[in-house]
Amino acid sequence: MQTRSGTARCGDVELFYEQLHPSCSSRAQYNSDAPPVLLIMGVGAQLPMWPDGFCAQLVDRGYRVIRFDHRDTGLSTKMHGRRASGSVYPRVARYLLGRRSDVPYTLVDLADDAKGLLDHLGIERAHVVGASMGGMIAHVLAGSHPKRVASLALIMSSSGKPLSALPRWRVIRLALGGPGRDAPWEQRLAAEVRNISIINGPNFLPPVDELRRRVEQLRARSDYPQGMLRQFDAILGTGSLLRYTRRVTAPTLVIHGTDDPLVRPRNGRSLAKAIPGARFVVVDGMGHDLPPPVWRPITEALAENFALA
């Protein structure tokens, strides 16, 4: 497997990206004919949140995998100083009713960023896979630019339709508490490890030491919590996505875990119903994360959906 990285100018932002390629010979030359798969991750999630092992399984099947940092995340452009006015709670209330709000940027802008990355790489059509907020961006992209999306897969995601199922209370509590910005690093680290453990769900939970290493490595790469808040506002500001969901024409797969405490399985099932011809696949025991035990069933389902294109 070969890895290449770079930056792409997409309008007013630069996106950092990596391409993982299968080798086409014993000399490990890069295979330019491999079908491209664009991976789009969720709120505040840097590109390593698409695990290397997960990506390797797709590369081993002959695909060219592209993962990237959203604006305000990782090594991509930070939108310093931009913020929505007023309290977030009215925006949350409007979102629950499917209504939009005035925010610095929306999921539509993030979908345009993804399209700009495809343009930069000279890719006319790609298989698009989105997780969590990335799934929302992915189906905005598929609904807005159907000719660019060969197939669509939405993992642990939602259409944001009015009165969607709320996260479990233990997840909502994470947003209401936690250490402050000036708290010692060890305290913030412990809180983030605890948060991941809760969102991951009770099954397939990695050891605490492994979770700590993940958090430390990501924070060493980029520590920019303001970007996560703006991305959360991007979801709230966009409102219901049904106007895009219903325009999706690509072969679509919706994948959801039975134990997702953040985006409830009911939302995934509703999303699949809203997309004509979409197939709904349940991964038993999966929460809101991509631990190693779920890689094989997910990549097998993805490969089946890719073949439909």
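The values are calculated or read from the model by the stated rules, or taken from the named source; none is laboratory data. These numbers were taken from a predicted model, which means no experiment stands behind them. In this analysis, Cβ positions are derived from the backbone assuming ideal geometry, glycine residues included, and neighbour counts consider all displayed protein chains.
Identify, from the list SER164, SER144, SER159, the residue that is among the polar types (S, T, N, Q) and at pLDDT 95 or above. Lay out the reasoning, then the answer.
Numbers: SER164 fails: at pLDDT 95 or above; SER159 fails: at pLDDT 95 or above.
Only one candidate qualifies: SER144.
Since THR3 meets every condition but one in (1) within 30 Å of PRO162 (Cα to Cα); (2) assigned to a strand (DSSP E or B); (3) among the β-branched types (Val, Ile, Thr), which condition does it not meet?
THR3 satisfies every listed condition except (1).
Looking only at residues that are assigned to a loop (DSSP other than H, G, I, E, B) and among the hydrophobic types (A, V, I, L, M, F, W, C) in the stretch 26-40, which one is modelled with the highest pLDDT?
Of the stretch 26-40, the ones assigned to a loop (DSSP other than H, G, I, E, B) are 26-29, 31-35.
Keeping just the survivors that are among the hydrophobic types (A, V, I, L, M, F, W, C) gives 28, 34.
Values: ALA28: 45, ALA34: 91.
It comes out as ALA34.
Would you say LEU262 is touching a Ser or Thr at 6+ places or on another chain (Cβ under 9 Å) and either within 19 Å of TRP295 (Cβ to Cβ) or of a type in the set (Lys, Arg) (or both)? I'd like the intermediate steps shown before the answer.
Details: touching a Ser or Thr at 6+ places or on another chain (Cβ under 9 Å): yes; either within 19 Å of TRP295 (Cβ to Cβ) or of a type in the set (Lys, Arg) (or both): no.
Judged against the criteria, LEU262 is not a match.
Using beta carbons and a limit of 7 Å, which pairs, at least six apart or on different chains, have the first residue in the stretch 153-169 and farther than 15 Å from GLY143 by Cα and of a type in the set (A, V, I, L, M, F, W, C) and the second one at pLDDT 90 or above and part of a loop (DSSP other than H, G, I, E, B)?
MET156/SER132; MET156/ASP260; MET156/VAL263; MET156/HIS288; ALA165/ARG264
Filter the stretch 232-256 down to residues that are closer than 21 Å to ASN200 by Cβ and either modelled with pLDDT of 95 or more or in contact with a Leu (Cβ under 7 Å, 6 or more places away or on another chain) (or both), then give me how many there are. Outline the logic, then answer.
Step one: filter the stretch 232-256 for residues closer than 21 Å to ASN200 by Cβ, giving 232, 235, 254-256.
Okay, now just the ones that are also either modelled with pLDDT of 95 or more or in contact with a Leu (Cβ under 7 Å, 6 or more places away or on another chain) (or both), so 235, 254-256.
Here the count works out to 4.
Does the stretch 293-309 contain at least one residue that is assigned to a loop (DSSP other than H, G, I, E, B), buried (at least 20 other Cβ atoms within 10 Å of the Cβ) and touching a residue at least 40 places away in the same chain (Cβ under 8 Å)?
Filtering the stretch 293-309 for residues assigned to a loop (DSSP other than H, G, I, E, B) gives 308-309.
Those left that are additionally buried (at least 20 other Cβ atoms within 10 Å of the Cβ): none.
Checking the stretch 293-309: not a single residue is assigned to a loop (DSSP other than H, G, I, E, B), buried (at least 20 other Cβ atoms within 10 Å of the Cβ) and touching a residue at least 40 places away in the same chain (Cβ under 8 Å).
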